[in-house]
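The values are calculated or read from the model by the stated rules, or taken from the named source; none is laboratory data. If you're wondering where the values come from, they're calculated on a predicted model, not measured in any experiment. A quick note on method: Cβ atoms are made from the backbone with ideal geometry, for glycine too, and the neighbour counts reach across all protein chains shown.
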Amino acid sequence: MSAAVELRGIGKSFGETRILEEIDLAAAQGEFIALVGPSGCGKSTLLRIIAGLEQADEGAIALDGRDVTGLRAADRDMAMVFQSYALYPHLTARQNMMLPLAMRRLNATQRLPLVGRFLGSARSILEEMARDVEQAAATLKISALLDRKPAQMSGGQRQRVALGRALVRRPQAFLMDEPLSNLDASLRVHMRAEIVELHRRAGVVTIYVTHDQEEALGMADRVAVMMNGRILQIADPMTIYREPAHLDVACFIGSPRINLLPLTIDAAGRGICGGQVLVERANAAQGERVTLGVRPETLVVHAEPQALSLKVAVTRFEFLGSDALLHARAAGLDAPLIAKLTPAMATLLQHHGELHVSAAPEACLLFDADGQRIAGTQTSALPASFGRASHAA
Amino acid sequence: MIGRLSPPARAARLALLLLLAGIVTFPFLFMISTSLKPQSEVFASGLALVPQHWSAAENFAKAVTRIPMARILMNGVIVCASIVVFQIVFALPAAYALAKLRFRGREIVLALVILGLLVPIHAISIPLYAAARSLNLLNTLSVLVAPFTLSVFAIFLFRQFIKSIPDDLILAARSDGLSENAIVWRIILPNAWPAASAFAIFSVVAHWNDLYWPLISISKTELATPPLGLLFFRAAEAGDDYGALMAATVVITLPLILFFLAAQRLFIEGMTMTGLKG
């Protein structure tokens, strides 16, 4: 079976600025793919290119194996949901949802005002459209809102109508451009679940653009992390989080942010930070600049110095209910280190001014000077094969 | 804003506004007053606004019978309505293209539109007259409409308004399957009502009151627009019956004032109709 949406070598420039570079992406039937990245990384432009609202300079787009590169948005049979909802302000919710149906199911003369409805089979088509709108509205629980105009609705209600307008058409693909970012936090979490549920029920490939990594990890089957017009990594959420292919991916995904420690490599291939050996075998040449990344929850905190640990000065403890954060500084490091602890552990340690942190070897993520992940990282505490195996898993 | 001014300052401002309003409306009051007076009182010295002897019926009867007043008013309505409709029909797609579409030469076209704003009708009236004559259009209603169907002012005004419509709305319309043409009429036009009614006020006022072009192109009384009709009326009445003349003036001004008030209310309603943003 061919991919539902396939992009090959998409490139785009606005004037001198390169917006997208060599984008390849294949979404399987029914898959939910999140495009995530900081603002300005080109993710919205990419979505518009997929929708046919923007033309790519290079590359090809196929929908169910059919090349649609040159086709207008109207001929691509994809439905888009916008961040600003983009509801037609002069039409009621019902009319908003009817319009895309009218454009597809009625011919030009049947769409004429007043006389159109009496031409040919227009009447039965209109009745069917009305039924479809009612059905989509029932799915989204907006039946009571159908005769209101957008100005008379709350943000969440407008969002539902916008989803309804996309849903009612039964398109081949849903494209969503930060659909939740204008909602307040609690509604956002709620709508997340609803969109996932809608996607599951419709069984249609969904490409979802967001700058919120939590949204991307929580909703998508696969996450594509974009930076500076390129897809740095595309993988399932767990892999993206645990095995980031690039330093930028590691930094962008995860909250609180991953801890970064610059390492110098000595003659024995050990990674050293602040005069302390942190990584026993770094798989890098002597003198190379290597960055060690450790997630806050994998940073282990000790009261006493240990092998492969680094001394840090405690800045403060932050209690967040279910867990607690330790903010600390290591001598010679600009960025503070953050460790995620259980509240019990934090209570135990909170009177210490000085602590020691280390990272389990399988939790150490090493990146070279270009930010590329260095494979096969390990320490002497474990057999060499263990380190490799844990990364391959 | 008003609440922050001190009472004396407010009073002073109000007085100034009243004075200016009085100066502006005085000619209208005088026009109405004269239209109610008999011939003898019109030339009496002094500025009495209320006539001593009422001859309103007489003056207005003359105004509507000596010239085909109904016909003339109808001409005005047909001409002004046609002009406004054509102007919007032609200007809106152009304005949409200039505001929202990217194409080569857009800036040059826009510059030409703005340049077009600087060309007065008087500068091109001779070529227009020559063209109308060779097309045998002189002394028709068409000649009153045709030169004004393309308004660069409308293009410019609508462009500025359409630029404020969010791009997402247009992108949504495209992905909903609307053609560019359908976007203009189904999405832009309904949302551009405030601009359209503001423009309609300008356009109707200008063309209802226009004397220059009708005077050049029309010589038959039954094709006259209201101001030209007034001129014919004055010629027919030898120009000394000011009471009747003012009565005729009142008759042709009244529809315009009523239109203005109605359009103004629409205009304000349009301005408060928001809801584009989330």
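Only one of the numbered conditions (1) loosely packed, with under 13 Cβ neighbours inside 10 Å; (2) assigned to a helix (DSSP H, G or I); (3) among the small types (Gly, Ala, Ser) is not met by A:ALA130, and that is (1). Only one entry of B:ARG133, B:ARG174 meets the criterion of being out of contact with any helix residue (DSSP H, G or I) (no Cβ under 7 Å at 6 or more places or on another chain) and either of a type in the set (Lys, Arg) or without any contact (Cβ under 8 Å) to a residue 60 or more places away in the chain (or both), and that entry is B:ARG133. Of everything in the range A:42-56 that is part of a loop (DSSP other than H, G, I, E, B) and within 14 Å of chain B (Cβ to nearest Cβ), the residue that is surrounded by the fewest Cβ atoms within 10 Å (Cβ to Cβ) is A:GLN55. Checked against (1) surrounded by 13 or more Cβ atoms within 10 Å (Cβ to Cβ); (2) in contact (Cβ under 8 Å) with a residue 12 or more places away in the chain, B:ALA61 passes all but condition (2). Is it true that B:ARG71 is among the basic types (Lys, Arg) and within 23 Å of the chain's Cα centre (by Cα)? Yes; evaluated as a whole, the condition is true for this residue. Is one or more of the residues making up the range B:78-87 surrounded by 14 or more Cβ atoms within 10 Å (Cβ to Cβ) and modelled with pLDDT under 95? Among the residues of the range B:78-87, not one is surrounded by 14 or more Cβ atoms within 10 Å (Cβ to Cβ) and modelled with pLDDT under 95, which makes the answer no. Take the conditions (1) under 13 Å from A:LEU337 (Cα atoms); (2) of a type outside the set (Lys, Arg); (3) in contact with a Phe, Trp or Tyr (Cβ under 9 Å, 6 or more places away or on another chain); (4) buried (at least 18 other Cβ atoms within 10 Å of the Cβ); A:HIS327 misses just one of them, which is (4). Taken together, the residues in the range B:162-179 that are at the interface with chain A (Cβ under 10 Å from one of its Cβ atoms) and part of a helix (DSSP H, G or I) amount to 9. Looking across A:ALA282, A:ALA268, one residue alone is surrounded by fewer than 22 Cβ atoms within 10 Å (Cβ to Cβ), of a type outside the set (S, T, N, Q) and at pLDDT below 95. It is A:ALA268.
Close contacts from the range A:171-198, counting a first residue that is away from every other protein chain (no Cβ under 13 Å) and a second that is among the aliphatic types (A, V, I, L, M), with Cβ to Cβ under 6 Å and a gap of 6+ residues or different chains, come to A:ARG188/A:LEU180; A:MET191/A:LEU180; A:ARG192/A:MET219; A:VAL196/A:MET219. Can you tell me which residues in the range B:200-256 are modelled with pLDDT under 90 and of a type in the set (S, T, N, Q)? Listed by number, the list holds a single entry, B:THR221.
Please verify whether the range B:136-149 includes one or more residues that are modelled with pLDDT of 90 or more and under 30 Å from A:MET103 (Cβ atoms). Yes, because at least one residue in the range B:136-149 is modelled with pLDDT of 90 or more and under 30 Å from A:MET103 (Cβ atoms). Could we say that A:ALA73 is within 14 Å of another protein chain (Cβ to nearest Cβ), of a type outside the set (S, T, N, Q) and either under 30 Å from A:MET153 (Cα atoms) or in contact with a Gly (Cβ under 6 Å, 6 or more places away or on another chain) (or both) here? Taking the combined requirement at face value, the residue satisfies it. The sole residue among B:PHE153, B:PHE158 that is in contact (Cβ under 8 Å) with a residue 12 or more places away in the chain, more than 14 Å from chain A (Cβ to nearest Cβ), in a helix (DSSP H, G or I) and under 30 Å from A:ASN107 (Cβ atoms) is B:PHE158.
Within the range A:334-348, residues that are without any contact (Cβ under 8 Å) to a residue 24 or more places away in the chain have Cβ atoms under 7 Å from residues that are loosely packed, with under 15 Cβ neighbours inside 10 Å and part of a strand (DSSP E or B) in these pairs: A:PRO336/A:THR315; A:PRO336/A:ARG329, counting only partners at least 6 apart in sequence or on another chain.
Against the definition (within 14 Å of another protein chain (Cβ to nearest Cβ), in contact (Cβ under 8 Å) with a residue 40 or more places away in the chain and more than 28 Å from A:ALA3 (Cβ to Cβ)), how does A:LEU87 come out, yes or no? Yes, satisfied. Close Cβ contacts (under 9 Å, 6 or more residues apart or on different chains) running from residues in the range A:220-241 that are without any contact (Cβ under 8 Å) to a residue 60 or more places away in the chain and farther than 21 Å from A:THR17 by Cβ to residues that are among the basic types (Lys, Arg) and part of a loop (DSSP other than H, G, I, E, B) comprise A:TYR241/A:ARG295.
Going residue by residue through the range A:23-41, is there one that turns out to be touching a Lys or Arg at 6+ places or on another chain (Cβ under 7 Å), more than 14 Å from chain B (Cβ to nearest Cβ), farther than 18 Å from A:ALA220 by Cβ and modelled with pLDDT of 90 or more? Checking the range A:23-41: not a single residue is touching a Lys or Arg at 6+ places or on another chain (Cβ under 7 Å), more than 14 Å from chain B (Cβ to nearest Cβ), farther than 18 Å from A:ALA220 by Cβ and modelled with pLDDT of 90 or more.
One line per residue, one yes/no per condition, for (1) out of contact with any Cys (no Cβ under 8 Å at 6 or more places or on another chain); (2) over 17 Å from B:ILE67 (Cβ atoms); (3) polar (S, T, N, Q):
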| position | (1), (2), (3) |
| --- | --- |
| B:TYR212 | yes, yes, no |
| B:THR221 | yes, no, yes |
| B:PHE232 | yes, no, no |
| B:ASP240 | yes, no, no |
| B:VAL250 | yes, no, no |
| B:PHE259 | yes, yes, no |
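Scanning the range A:90-127 for residues that are more than 14 Å from every other protein chain (Cβ to nearest Cβ), among the hydrophobic types (A, V, I, L, M, F, W, C) and not in a helix (DSSP H, G or I) gives A:LEU114, A:VAL115, A:LEU119. Strands (runs of 3 or more DSSP E) fully within the range A:260-328 that include at least 3 residues being not small (Gly, Ala, Ser): A:276-279, A:289-294, A:299-302, A:310-319.
Just so you know, in the range A:161-170 the residues that are at the interface with another protein chain (Cβ under 10 Å from one of its Cβ atoms) and among the small types (Gly, Ala, Ser) include one that is farthest from A:ALA4 (Cα to Cα), and it is A:ALA162.
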